[in-house]
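Working notes, beginning with the structure itself.
All of the numbers you see were taken from the coordinates with simple rules; none came from a lab. Being a predicted model, the structure only gives us computed values, none of them experimental. Please note: Cβ atoms are built from the backbone with ideal geometry, for glycine as well, and neighbour counts cover all protein chains shown.
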Amino acid sequence: MRSLLVALVLLAGTPALAGKTGFDPKIVYKVPLGGAPVVGPVDAPITIVAWSDYACGYCNRVQGTLARLEQLFPGQIRWVYRTLPLDEDYTLAAEASLAAEAQGKFKPMHSRLYALRGRITRAEAELVARELGLDMTRFRGDLDAGTYRKRIAADVADGEKLGVTGTPTFFINGRPVIGSEPLKVFVDVVEEELGRADAMRHGKPANLYDALVADGHATADTPEVERDKTELDPGTAYRMGLGLPGHQLGPDDALVTIVEWSDFQCPYCQKEAPVLAHVREKYGDQVRIVYRHMPMAFHRDAMLAAEAGAAAAAQGKFWPFHDQLWKNFGHLSRADLEAAGKAAGLDMTTFRAALDDRRYHDAIVAEAAAAEAVGVDGTPTLFINGQPVVGSRDNADMDQIVDAHLSNARAMVARGMAKREVYPMYMSAATGNDRADPSAIPDTQQVHIQMRADDRGRAVMAACRRRDGARAANLAGQLEGDTRRRAATVCAGEGIDLP
């Protein structure tokens, strides 16, 4: 059995011995795939090899992040699942996953095992297998015979040879990401690796992944390098779109645009609501306020409330509904949401149907993932003409911030810029992108930015996620090849066939 020290290190998801050699996040490592389960397109430009364990708390915690990563890059990631057990004497869960793989059910078994959050018993493994419709005689026989223990031992050996000492450990096209990192860390590496994969494809390699890692380091042989911090820079302007339709309050030619990432169950957001109402009352049409959804995972009722907000917006009544929820803060049951909908004047048959079929669930998930991808890690977070303001502020603070932005914007107008061009001009020079819907970033006629194929594909997917088939069809006209295929797959999942 491994030492207690190593077991504790694995549980924490950190390198085994501080100060020793480790992985440099900017270096490519030659990571073997072994005979591990593979999920995703064989020709995907991104291959993520993960060493993890079903009993590892940090491995469990990062599953939601990985699901959101896949939503941001649908059809572009191939996952390779390798095992590094916390306790070499406990491999039951890993064996169960491989026994399920043999019957074509690895992914659902994988998800169920993580949902059980820790060690599972033989009875629990069999219950899940039965629920998945596996051949139980074959499943039990594989576990009884230890059929897959050699494969698990091979995963451990490859990991130790490479220098993997903790779980979870990921390699994105050979680039390491250690532990349960924020979504932005994964997104930044994937974005960089998409560029490298695209360049490598021009040489038409026989195997893209092999070519990408061919010159990689064979083992962890560099001093450990601390990854760059992911905090938002208050002095940087970020590209922020205008979110879902119907979530804007104020005119398109407002000199100051405030994009608010918020959560209807967040007490700090509720505290900020009257401050933004004050801003709107004081500055009138000089300010545009955009509400964007970021329901936090630990707020049980926030997701359905956000979906209800999108359903209200589809009827042109987001802001009356928004005001009802803040007025009755903390009341977010289904009955409470329906009461708020009635008070806001919604067509209740349509509203209830949208909640029943979770019509806007995927759109809300994409919104929250886009926030995380840019570095937002809590609510409320505001972007004022692209510059972040984290946390709640009082009236005086907000007045000072808005006045400064107004002064800058007025100077731009005085030099001859049309008011409608102010926010698009800020966005043309801003950093990053809106990964929920790039087409929601206002464009400027002075500096026209043509959407890249991937951005157009994301815009089509965003339209499909909010069930806007007409807009999806309109945007899809210029899509082709792999981008069109990926968009069509997402849209088909929402019940929309692209023309």
*Under a straight-distance cross-link criterion of Cα-Cα below 13 Å, which aspartates and glutamates are reachable from LYS282, leaving out those fewer than 8 residues away in the same chain?*
ASP399, ASP403
*Exposed-site-free run, longest, the chain (rule: trypsin sites (Lys or Arg not before Pro); DSSP loop; at most 12 other C-beta within 10 Å)*: 118-228
*C-alpha center-to-center spacing [the range 407-430, the range 55-117] in angstrom*: 48 Å
*Give the relative contact order (percent, whole number) for the chain; include only Cα pairs under 8 Å separated by 6+ residues.*
16 percent
*For THR230 and ARG485, what is the calculated FRET efficiency with R₀ set at 30 Å and r taken between the beta-carbons, to the nearest 0.05?*
0.40
_Order these by the 10 Å Cβ neighbour count, fewest first: ASP53, ASP285._
ASP285, ASP53
*Does the range 450-499 come out rounded, prolate or oblate, given a ≥ b ≥ c as the square roots of the eigenvalues of its C-alpha gyration tensor, rounded meaning a/c under 1.5 and, failing that, prolate meaning a/b above b/c?*
prolate
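Return the calculated 222 nm mean residue ellipticity for the chain, to the nearest 500 deg cm²/dmol, obtained by summing -39500 (n - 2.57) across DSSP H runs with n ≥ 4 and dividing by the residue count. Mind showing how you got there, number by number?
Details: 21 runs with 237 residues, N = 499.
When only DSSP H runs of four or more count, the value is -14500 deg cm²/dmol.
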*Where in the range 34-53 does the label zone of ARG196 land, with the point 7 angstrom along Cα→C-beta and an amide N cut-off under 11 Å?*
47
_Given 10 as the ceiling on other Cβ atoms within 10 Å, longest exposed-site-free region of the chain for GluC sites (Glu not before Pro) in DSSP loops_ = 227-479
*Among the DSSP beta bridges whose two residues both lie in the range 248-435, what percent are antiparallel, rounded to the nearest 5?*
60 percent
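Enumerate by residue number the chymotrypsin sites (Phe, Trp or Tyr not before Pro) in the range 287-339 meeting two conditions: DSSP loop (anything except H, G, I, E, B), and at most 15 other Cβ atoms within 10 Å of the site's Cβ. Mind dumping the intermediate values first?
On the way: sites: TYR291, PHE298, PHE318, PHE321, TRP326, PHE329; in loops: PHE298, PHE329.
In loop regions of the range 287-339 (DSSP not H, G, I, E or B), the sparsely surrounded chymotrypsin sites (Phe, Trp or Tyr not before Pro) are PHE298, PHE329.
Nothing charged except the Cβ atoms of Lys and Arg (+1) and of Asp and Glu (-1): what's the magnitude of the dipole of the range 115-161 about its Cα centre? Round to the nearest 20 debye. Present the calculation step by step, with values, prior to reporting the outcome.
On the way: 10 positive and 9 negative charges, 19 e Å.
Charge dipole of the range 115-161: 80 debye, to the nearest 20.
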*Going by the alpha-carbon gyration tensor, a ≥ b ≥ c the square roots of its eigenvalues, is the range 239-295 rounded (a/c under 1.5) or, if a/c is not under 1.5, prolate (a/b greater than b/c) versus oblate?*
oblate
*asked:* Checking the cross-link filter: which lysines have an alpha carbon closer than 22 Å to that of LYS26, excluding same-chain neighbours under 8 positions apart?
replied: LYS161, LYS184, LYS229
*GLY22's amide H: which non-local residues (gap 5+, or another chain) put their own amide H closer than 5 Å, with H modeled 1.01 Å from N in plane and none for Pro or chain starts?*
ASP221, THR222, GLU224
_Looking only at Cβ-Cβ distances, which cysteines of the chain have no other cysteine closer than 4.7 Å?_
none
*Rounded to the nearest 20 Debye, what is the dipole magnitude of the range 448-499 about its Cα centre when Lys and Arg each give +1 and Asp and Glu each give -1 at the C-beta?*
120 debye
*Quick one: if you stick a label point 7 Å off each Cα along the C-beta vector at VAL413 and LYS30, how many nm between them?*
6.3 nm
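Can you tell me the dipole magnitude for the chain around its Cα centre, using point charges on the Cβ only (Lys, Arg +1; Asp, Glu -1), in Debye to the nearest 20? Working shown, then result.
Details: 58 positive and 66 negative charges, 122 e Å.
So the magnitude is around 580 debye.
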*How far apart, in nm, are the 7 Å Cα→Cβ label points at LYS107 and LEU127?*
2.6 nm
